[in-house]
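Chemist: Before we start, here is the structure in question, set down as structure tokens.
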């Protein structure tokens, strides 16, 4: 079941969005709540040989294998994995390992020159919450394109 992406107008006329604030490895980022299927305490991860570089292996979620991104993605590899955020993507469910329980908040989307700063290749924009700016993670940019 896909959860809805909540939008309404917030302060200064910018759209308010529902996001997860999380830490993956050494990177703090925001994630659109509409792509989150569930958050689990870190299940056992099974490393698989010859998986694409972005992936670590798989885990079982409700007895179904779920591809798990490399711990620390989008930043450097990490051993700090306490939770797994299961995401809904066009390729199916994908697990994003995180080091702390994500916080769900309503934040402001920032756009234009006030959001200055070079975006990372995995970033879809900026989110502002309580005066702090968070890069908005675009999970599609972390997942390798399917082989044709």
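The numbers here are math on the coordinates, done by the rules we state, and not lab data. None of these values were measured; they are calculated from a predicted model. Here the Cβ is made from the backbone with ideal geometry for all residues, glycine too, and neighbour counts use every protein chain on show.
Chemist: For residue 106 paired with residue 82, estimate the spin-label separation in nm (one decimal), with each label point 7 Å from Cα along the Cα-to-Cβ line.
Modeler: Placing both labels 7 Å beyond Cα along the Cβ direction yields 2.7 nm.
Chemist: First measure r as the distance between the Cβ atoms of residue 60 and residue 132, then evaluate 1/(1 + (r/R0)^6) with R0 = 41 Å and state the FRET efficiency to the nearest 0.05.
Modeler: Approximately 0.70, to the nearest 0.05.
Chemist: Something else now. Tell me, 110, 89, 24 in order of fewest to most beta-carbon neighbours within 10 Å?
Modeler: 89, 110, 24
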